[in-house]
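The next block holds one structure in the form of structure tokens; read it before the comments.
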Amino acid sequence: MWIFSLRRTCFNDRFPPAKKGTAEKIVSSGVLPILAQVLRKKSPLTSQVTLLVAEMAREAAVRERCIEAGLVTALVPLLNSPDQDQLLHTGRAIGRICFENAVQQTQLVENGVIPRLVAIMQQYPENDPLVNVCLLALCNLADVDAAREALVEVGVAEVLTYQLKRAPDAERRHLILEVLGSLGESDVLKLQFVEAGVPEALSEMIRTLQGGSDTHDLCSIKVASNLIVTLLLGDESMQKCFGEGTGMVYQDVLSWIQSANTELQLSGALAIANFARNDSNCVKMLDLGVVPRILDLLEQHVAEGDVSVQHAGLSALRNLAIPASNKVRMLEDGVTERIRTLLRSDMPPVQFKLLGTLRMMVDGQEEAASVLGKDEVLLARVMEWCEAKDHAGVRGEANRLLAALIRHSRNPEVIHTVIKADGVQHLISMATSEHVIMQNEALVALAIASAIDIEAVQEPFRDADLLPTLQKMLDDPVVAVEVKFSALGLICSLANSSMLREQITSLNLRDTLSKLSTHTSTKLAKQADTVMAVLSETA
């Protein structure tokens with residue numbers, strides 16, 4: 001929407017607005033079509049008529065009448081005038097008439113207004129009132145798809161970067177930031193902004209404003225840092241800002257993490273998470289010592305800190321832990337010990353991200369999984385989260401971490417600790433999840449536990465009705481083939497227990513297996529035959 005009439009400082013009017021209702025009286029005289037004719041003829045009165053229309057359009061009641069009289073179509077060509085006052089009056093008039101009128105705004109774009117607005121700012125970059133009018137126009141047209149497409153072709157990034165660097169006050173800053181925020185949703189414009197130096201200009205602005213307490217400055221810092229985070233969502237733009245760890249934007253982001261400003265801390269953590277979207281960046285950032293800074297930030301917010309900052313910090317750590325080489329180094333640096341302080345958090349978003357981060361840390365890391373899997377305090381908390389009825393995400397991540405500790409440690413002590421913590425029932429429940437990946441993770445964990453120490457798990461498995469659960473899964477035609485395959489593999493391991501073999505017989509599982517041996521999936525049918533053969537051998 002066009003919001004010129006809401007921005008008092010953008011007009012610098014020569015005289016105060018007329019009394020309310022005056023414009024309606026003028027319009028009722030039938031003068032509007034005459035004014036439109038005068039504008040089309042470009043007479044010596046054009047500038048004064050344009051100013052008159054702009055003043056009348058302050059009143060919402062006359063705007064539709066102005067459109068009906070053809071004033072918008074008469075005004076648009078005047079944006080090509082070489083007279084700066086004429087351009088100023090025209091911009092205000094069009095903006096006020098088309099305020100909150102999506103149809104008119106779209107028509108303006110179709111009539112080529114976008115290139116002209118940018119050209120005016122390029123021609124008269126020091127004319128602040130005129131620049132403001134153009135910026136407001138761009139701000140309100142930015143949501144029109146055709147406007148964004150047009151802006152790709154006209155070098156708007158350079159214009160906005162220049163104006164951002166010379167913004168004389170908070171209002172101008174906010175206006176430019178709003179335009180950048182709206183246009184930054186376009187991947188093409190996002191890259192153009194980065195190439196034009198927008199992130200560096202934003203970083204410089206933040207550095208200039210930091211340390212003060214002015215409300216407007218703090219608002220600018222918040223919006224600008226959020227904008228940088230948004231620009232980093234594009235892969236190419238992110239890499240340009242990273243600059244192999246030497247880019248100015250990346251260096252500034254590191255300083256944000258250590259700032260006393262919570263908004264900057266949040267944006268800094270989110271930016272690090274965005275930079276950590278590929279393995280080479282992750283390895284480089286670890287070399288440059290980013291992890292201790294994130295850990296310091298997290299510890300700062302453990303007690304009564306900001307949930308969003310904790311969530312963002314954990315997101316950054318999780319992304320950094322994806323490369324296998326980074327996992328080893330982060331474990332050596334004691335990362336798992338330090339982030340366990342967050343276990344006391346009562347905030348579901350933090351719990352969810354903490355569980356995911358720990359799961360990523362133990363992925364493929366036998367030692368880490370063994371250490372965490374034997375931690376009774378950790379497991380007790382994980383058990384609580386496995387029962388988080390009001391938070392499905394936390395519950396799912398807790399179960400996945402529990403399964404991961406067994407899968408990646410393959411350690412008898414971990415299995416015993418999980419049994420002692422009553423984790424078996426949670427794994428069995430996880431095996432019946434609606435998500436195939438979770439079902440398979442649970443079944444694999446149960447199979448590993450039974451293969452490593454069948455004596456330790458047979459009683460808990462029996463008491464938790466594992467075999468009846470598996471039989472129900474195998475009989476259910478809706479259950480995925482890969483899940484049934486994993487279930488059959490688990491039954492093979494369970495057959496090594498005389499206690500569980502008795503249960504297999506009592507449940508008549510052979511009939512279920514016999515039916516599966518004719519399944520359309522050759523792989524599943526073969527697995528069913530294998531299980532029946534194993535049962536025959538162990539009978």
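7 Å from Cα along Cα→Cβ at both Val154 and Val188: what's the point-to-point distance in nm?
Between Val154 and Val188, the simple spin-label model gives 1.4 nm.
Please give the peptides 186-194, 321-329 ranked by average Cβ packing (other Cβ atoms within 10 Å per residue), highest first, as a rough proxy for protection.
Going by the mean number of other Cβ atoms within 10 Å, highest first, we get 186-194, 321-329.
Set the Förster distance to 35 Å, then compute FRET efficiency between Tyr124 and Gln258 from the Cβ-Cβ distance, nearest 0.05.
Computed FRET efficiency for Tyr124 and Gln258: 0.25.
Arrange the residues Met360, Met56 by how much accessible surface each exposes, largest first, with a 1.4 angstrom probe.
Met360, Met56
At 1.4 Å probe size, with every protein chain present, just tell me what the per residue accessible area of the range 422-538 comes to in Å².
46 Å²
Express the carbon and sulfur contribution to the solvent-accessible surface of the range 15-108 as a percent, rounded to the nearest whole number, probe 1.4 angstrom.
About 58 percent, which is the carbon plus sulfur part of the accessible surface.
Suppose all protein chains stay in the model; what accessible area per residue would a 1.4 Å probe give for the range 1-153, in Å²?
That works out to 47 Å² per residue.
Quantify, in whole percent, the carbon and sulfur part of the accessible surface of the range 155-244 (1.4 Å probe; protein heavy atoms only).
That fraction is 50 percent.
Please report, largest first and rounded to whole Å, the three semi-axes of the ellipsoid equivalent to the range 114-162, where each semi-axis is the square root of five times an eigenvalue of the C-alpha gyration tensor. Spell out each step's value before the answer.
Working: eigenvalues 60, 27, 13 Å².
Output for the range 114-162: semi-axes of 17, 12, 8 Å.
Whole number please: convex hull volume per residue of the Cα set in the range 286-419, in Å³?
Looking at the range 286-419, the number lands at 89 Å³ per residue.
Once you charge only the Cβ atoms, +1 for Lys and Arg and -1 for Asp and Glu, what is the size of the charge dipole of the range 392-447 about its Cα centre, to the nearest 20 debye?
It comes to approximately 100 debye.
If I stretch the segment between Thr215 and Ser325 completely, what's the gain in nm (0.36 nm per residue apart, minus their alpha carbon distance), one decimal?
Length gained, Thr215 through Ser325: 35.2 nm.
Farthest toward the dipole's positive end in the chain, which of Val283, Leu470, Val109, given Cβ charges of +1 (Lys, Arg) and -1 (Asp, Glu) about the Cα centre?
Val109
Calculate for the chain the 222 nm mean residue ellipticity that helices alone would give, adding -39,500 (n - 2.57) per DSSP H run of length 4 or more and normalising by residue count, nearest 500 deg cm²/dmol.
When only DSSP H runs of four or more count, the value is -22000 deg cm²/dmol.
Roughly how many percent of the accessible protein surface of the range 309-459 is carbon and sulfur, given a 1.4 Å probe and a whole-percent answer? Mind dumping the intermediate values first?
Values: 2970 of 6000 Å².
Roughly 50 percent, rounded to a whole number.
Counting heavy atoms of the protein chains only and a 1.4 Å probe, report the per residue accessible area for the range 278-421 as a whole number of Å².
With all protein chains present, the range 278-421 gives 42 Å² per residue.
Among the lysines, which have Cα under 18 Å from the Cα of Lys327 when same-chain residues fewer than 8 positions away are ignored?
Lys284, Lys353
Taking a virtual spin label 7 Å from the Cα of Lys526 along the C-beta vector, which residues in the range 474-491 bring their backbone nitrogen under 16 Å of it?
The answer is 482, 485-486, 488-489.
Could you tell me what % of all Cα pairs in the range 340-389 have separations over 14 Å?
Values: 644 of 1225 pairs.
In whole percent, the long-distance tail amounts to 53.
May I ask you to derive the relative contact order of the chain, considering only C-alpha pairs under 8 Å and at least 6 residues apart, and to give it as an integer percent?
7 percent
For the chain, go through all pairs of different Cα atoms, get the mean of 1/r, take its inverse, and jot down that Kirkwood value in Å.
Evaluated on the chain, it is 27.9 Å.
Quick one: if you stick a label point 7 Å off each Cα along the C-beta vector at Glu366 and Val479, how many nm between them?
3.1 nm
Based on the Cα gyration tensor of the range 422-538, what are the three equivalent ellipsoid semi-axes, each the root of five times an eigenvalue, rounded to whole Å and given largest first?
Rounded to whole Å, the semi-axes are 20, 18, 12.
The values are calculated or read from the model by the stated rules, or taken from the named source; none is laboratory data. Please read these numbers as outputs of a predicted model, since none were measured by experiment. Backbone-built Cβ (ideal geometry, glycine too); neighbour counts: all protein chains shown. Surface areas here come from the heavy atoms of the whole protein model, side chains and all, with no ligands, DNA or RNA. Shrake-Rupley method; radii C 1.70, N 1.55, O 1.52, S 1.80 Å.
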